[in-house]
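Colleague: Before we start, here is the structure in question, set down as structure tokens.
The values are calculated or read from the model by the stated rules, or taken from the named source; none is laboratory data. These numbers were taken from a predicted model, which means no experiment stands behind them. Backbone-built Cβ (ideal geometry, glycine too); neighbour counts: all protein chains shown.
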Amino acid sequence: MTQQSGRARLVAGVGAAALMMAGAGLARAAEPVTELEAITITAQKRAQDTLDVGLNVAVISGADLAARRVTQVSDLSAFTPNVDIKENMPGILPVVTIRGVGLNDFSATNNPSAGVYVDEVYLSSLALMNFDLFDLERMEALKGPQGTLYGRNSTAGAINILTARPTFGGVEGRVAGGYGDYKTGELEGMVNVPLSDTFALRLSGKGVRQDEGFFFNRKTNTDFGRRKVGLGRLQARWAPSDDLDVLLKLEVQKFRSQAGAPEFFGLLTPPGAPASLACPGSPGCTDFLGYRDTDGDPFRGEYSVDPAYDVDQRAAT
């Protein structure tokens, strides 16, 4: 009697477990399946899936760039491995280094070792790379030499910045603003208007104003490093068929800044002997260009240069 009862309880327990497993299986089957979206890039001058491209490419969508508050070219390095973007001087002339290869030069006429492209248009000068980002579709960072498709100025790699194009899905718009340190205000907007199933317009713009600088001028008792940025973009797209897609773009950028300057440490001690490591910043050490620090404070400097940095860009493609 005891053995039969034990067998009955065992059979009942196995049956209950089977029913529970079947119920769990049905619940899992009812759950929606999450599929990863295919990422399309144009790293090889044509639209391809990233899985079909034999290159080391880092891709960030426009939505991710906006969510991460990527507003300048120098911000891209924080989210792109092996890509470093820094400024020669505060606010101007960024230096792009990919996998340790780059050109560190303060001349605005030199060509960089890492090519930067905006809608497949090459930026030939370091001075052209210091612009604010807005209304983007995606960013692609190609690591390694890209001379076959991008020319000689891509020894380190290339960075493709692609702006958002007009769409035919319907009227859409967006306005965003912000306020931050150093009395910095920012306003950005976009409107997309399809006039028909084959023709659409897209207008976008951005403005940045910083009323306080990062540096203090002891002579004028004011700070400097302020900047004003204005950007605008108008696009017209006509796509009558799958084989024909015409895009006309007009873009204007105005950059007004007071570029900062680092402290010059002395390199030589009079009458010209190399300075020791203990000398830089002291009154007894002078720069080879003639600058001499007379106050002995390594965190202060005196300059007689105009720090204004104005860049205007106009493009039509």
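Colleague: Return the residue satisfying two criteria in turn: it lies in the stretch 206-221 and is charged (D, E, K, R) and surrounded by fewer than 19 Cβ atoms within 10 Å (Cβ to Cβ), and of such residues it is modelled with the highest pLDDT.
Modeller: Filtering the stretch 206-221 for residues that are charged (D, E, K, R) and surrounded by fewer than 19 Cβ atoms within 10 Å (Cβ to Cβ), the one modelled with the highest pLDDT comes out as Arg209.
Colleague: With a cut-off of at least 3 residues that are touching a Leu at 6+ places or on another chain (Cβ under 7 Å) and at pLDDT 90 or above, name the strands (runs of 3 or more DSSP E) lying wholly within the stretch 101-182.
Modeller: Details: elements: 114-118, 136-143, 157-163, 172-180.
Those strands (runs of 3 or more DSSP E) span 136-143, 157-163.
Colleague: To continue, here is another question. Just give me the residues in the stretch 213-257 being of a type in the set (Phe, Trp, Tyr) and out of contact with any Gly (no Cβ under 6 Å at 6 or more places or on another chain), in sequence order. Explain how you work it out, then say what you get.
Modeller: If we filter the stretch 213-257 for residues that are of a type in the set (Phe, Trp, Tyr), which is where we start, we get 214-216, 224, 238, 255.
Within the stretch 213-257, Phe216, Trp238, Phe255 qualify.
Colleague: Which of (1) hydrophobic (A, V, I, L, M, F, W, C); (2) at pLDDT below 80; (3) assigned to a helix (DSSP H, G or I) does Ala66 not meet, given it meets every other one?
Modeller: (2)
Colleague: Related question: Under 8 Å by Cβ, and 6 or more places apart or on different chains, what pairs join a residue from the stretch 73-84 that is assigned by TED's automatic domain parsing to the domain that holds Gly102 and farther than 13 Å from Glu140 by Cβ with one that is in a helix (DSSP H, G or I) and modelled with pLDDT under 90?
Modeller: Partner pairs satisfying both residue conditions: Val73/Met129; Asp84/Ser77.
Colleague: Pairs only if they're at least six apart or on different chains, beta carbon under 7 angstrom, first in the stretch 154-166 and closer than 17 Å to Leu248 by Cα, second outside any strand (DSSP E or B) and of a type in the set (Lys, Arg); list them, first residue then second.
Modeller: Taking only residues 6 or more apart or on different chains, not a single pair turns up.
Colleague: So, of the residues in the stretch 222-250 that are of a type in the set (A, V, I, L, M) and crowded, with 19+ Cβ neighbours inside 10 Å, which turns out to be farthest from Lys183 (Cα to Cα)?
Modeller: Start the filter on the stretch 222-250 by keeping residues that are of a type in the set (A, V, I, L, M), which leaves 229, 231, 234, 236, 239, 244, 246-248, 250.
With the extra rule that they be crowded, with 19+ Cβ neighbours inside 10 Å, the set shrinks to 229, 231.
Values: Val229: 14, Leu231: 19 Å.
My answer is Leu231.
Colleague: How many of the residues in the stretch 195-207 are more than 20 Å from Leu136 (Cβ to Cβ) and either acidic (Asp, Glu) or part of a strand (DSSP E or B) (or both)?
Modeller: So in the stretch 195-207, the residues more than 20 Å from Leu136 (Cβ to Cβ) come out as 195-199.
Remaining after also requiring either acidic (Asp, Glu) or part of a strand (DSSP E or B) (or both): 197, 199.
Number satisfying all stated conditions: 2.
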